[in-house]
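Notes to accompany the following structure.
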Amino acid sequence: MPERRTVALVTLGCARNEVDSEELAGRLEADGWELVEHAEDADVAVVNTCGFVEAAKKDSVDALLEANDLKDHGRTQAVVAVGCMAERYGKELAQALPEADGVLGFDDYADISDRLQTILSGGIHASHTPRDRRKLLPISPAERQSAGADIALPGHAPVDLPDGLAPASGPRAPLRRRLDGSPVASVKLASGCDRRCSFCAIPSFRGSFISRRPSDVLGETRWLAEQGVKEIMLVSENNTSYGKDLGDIRLLETLLPELAAVDGIERVRVSYLQPAEMRPGLIDVLTSTPKVAPYFDLSFQHSAPGVLRAMRRFGSTDQFLELLDTIRAKAPGAGVRSNFIVGFPGESADDLAELERFLNGARLDAIGVFGYSDEEGTEAATYENKLDEDVVAERLARVSRLAEELVSQRAEDRVGETVQVLVESVDGEEGAYGRGAHQAPETDGQVLFTTGEGLSVGLMVEAKVVGTEGVDLVAEPLQGSLACPEEGVR
């Protein structure tokens, strides 16, 4: 009988990393590994790291050190780093963090079982040498699909797999294994990014933009529905570019109704939208398709034209407000969230005031605010006119306070509305809660029910908003209000 091998995956960072972890879990389970929930119960702890900003990198290092501590007083024998930080720094991370028994890049994912077995057996797998992954694919998007077959693209595993590779759930299953029982799951729509924002290093280690085939996205969604998933969230570095390498930049508009028609799926949510790439047809589909959430995760980053140009982005306060007016003319209750960077090199007091003007007029449901800091390898790190750290910190605190006030006001605006809520937890002590169409997982607040009676996880219910707690809504379930398929999430 084969020796029992156990592995736990610890995931940090964004929803894209969560998809990658579930693909790694599918590969490992298909090769006989037993997946366990907690690192202390595993022979190998695999930490899927984030390499986006300094705070996320610190969290990743802390998670690796915490897992390493288990080797002294638990079952854990090896700790392995994967994910964006491992891909971005490779040998450098391995040298700086000898507590990690292995640092594996994306190219190792297809052979993850062999890599872990080597490390568990006391062998050494050389950490990879980082490279600019943008150079692995042709410059022309039209040429990428054929070239991409030999490039590691986490989260892009095909749905129709050869015998012996698919998980036990069936031949239609993707190479993916759910790591929790949530009624919500992310689906990778694409990988990489062709934009060259001066503050962002992601394209250098995630590569150029490449779409997944619609058939794979649909197949994976059907499989997730069979696992009990009720809401899918489409994720990538830039969903508005989906299809450009498949010959149809409007492919998302065609795909969304097909995803919404999958049996068992009650809501489809699209994340990561670029304001400069929004088009009327996409707005129409997002605001009028049953079961597609009228939800706009728009990456504004700032609104002062001079700062945006320095970021190598486009737009202005008035252009962004006009876009929001267009969206709300079609769906008055649409959810909108965004992130912003303050203290960017050269940002003036007038620029900050312009950003505040936008925030006051935008009526956003959720706002993330970050203080600028240099990211290694980015154009902005070479800029002059850097602001002092104390100035950045003061502006961050100022805009964060404003953001907190504004999202609380926006939540209060929804008192009296009827919302469709996907129930995500029903607990006798903590109560019941879920999310409305304007609330994405983890980032946008939630709906707290006044009662959990008659509710169950995965149920889509109609509820009336009767109060707020900051960004969260308090809502009373309307009896007998199970959402009809035709009504979707309106």
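The values are calculated or read from the model by the stated rules, or taken from the named source; none is laboratory data. Small disclaimer: the values here were computed from a predicted structure and weren't measured. As a convention, Cβ positions derive from the backbone with ideal geometry for all residues, glycine included, and neighbour counts pool all protein chains shown. Just the protein is used for accessible areas: all its heavy atoms, side chains included, with ligands, DNA and RNA removed. Shrake-Rupley method; radii C 1.70, N 1.55, O 1.52, S 1.80 Å.
Residue pairs whose Cβ atoms lie under 6 Å apart, separated by 6 or more positions or on different chains, with the first residue in region 431-443 and over 20 Å from A403 (Cβ atoms) and the second charged (D, E, K, R), are G434/E424.
This table checks each residue for (1) hydroxyl-bearing (S, T, Y); (2) in contact (Cβ under 8 Å) with a residue 12 or more places away in the chain; (3) open to solvent by 40 Å² or more (accessible area, probe 1.4 Å); (4) in a helix (DSSP H, G or I).
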| position | (1), (2), (3), (4) |
| --- | --- |
| L93 | no, yes, no, yes |
| H125 | no, yes, yes, no |
| H128 | no, yes, no, no |
| G155 | no, yes, no, no |
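What are the residues in region 75-91 that are outside any helix (DSSP H, G or I) and over 26 Å from the mean Cα position of the chain (by Cα), if any? Hits for region 75-91 are R75, T76, Q77, A78.
Residue by residue, here is whether (1) within 30 Å of A381 (Cβ to Cβ); (2) open to solvent by 10 Å² or more (accessible area, probe 1.4 Å) holds:
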{"site": "E253", "(1), (2)": "no, yes"}
{"site": "L259", "(1), (2)": "no, no"}
{"site": "I265", "(1), (2)": "no, no"}
{"site": "L273", "(1), (2)": "yes, no"}
{"site": "E277", "(1), (2)": "yes, yes"}
{"site": "G281", "(1), (2)": "no, yes"}
{"site": "T289", "(1), (2)": "no, yes"}
{"site": "Y295", "(1), (2)": "no, no"}
{"site": "V307", "(1), (2)": "yes, no"}
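Of all the numbered requirements in (1) open to solvent by less than 40 Å² (accessible area, probe 1.4 Å); (2) under 26 Å from the mean Cα position of the chain (by Cα), E356 misses one, and that requirement is (2). In region 56-72, the residues that are over 11 Å from A100 (Cβ atoms) never reach a residue that is outside any helix (DSSP H, G or I) and open to solvent by 60 Å² or more (accessible area, probe 1.4 Å) with C-beta atoms less than 6 angstrom apart, at least six apart or across chains.
Screening T382 on (1) open to solvent by 30 Å² or more (accessible area, probe 1.4 Å); (2) in contact (Cβ under 8 Å) with a residue 24 or more places away in the chain; (3) not small (G, A, S) shows it passes everything except condition (2).
Among the residues of region 23-55, write down those that are free of Cβ contacts under 8 Å to residues at least 60 places away in the same chain, over 30 Å from V369 (Cβ atoms) and part of a helix (DSSP H, G or I). Scanning region 23-55 gives A39, E40, D41. Any idea which residue in region 199-233 is nearest to V262 (Cα to Cα), counting only those that are among the polar types (S, T, N, Q) and either in contact (Cβ under 8 Å) with a residue 60 or more places away in the chain or open to solvent by less than 10 Å² (accessible area, probe 1.4 Å) (or both)? Taking the candidates together, the pick is T221. Of all residues in region 461-474, those that are closer than 23 Å to I367 by Cα and without any contact (Cβ under 8 Å) to a residue 40 or more places away in the chain have Cβ atoms under 6 Å from Cβ atoms of residues that are in a strand (DSSP E or B) and open to solvent by less than 50 Å² (accessible area, probe 1.4 Å), 6 or more apart or on another chain, in V474/L448; V474/G467. Between R144, R134, the distinction of being within 17 Å of S191 (Cβ to Cβ), open to solvent by less than 50 Å² (accessible area, probe 1.4 Å) and not in a loop (DSSP other than H, G, I, E, B) belongs to R144 only.
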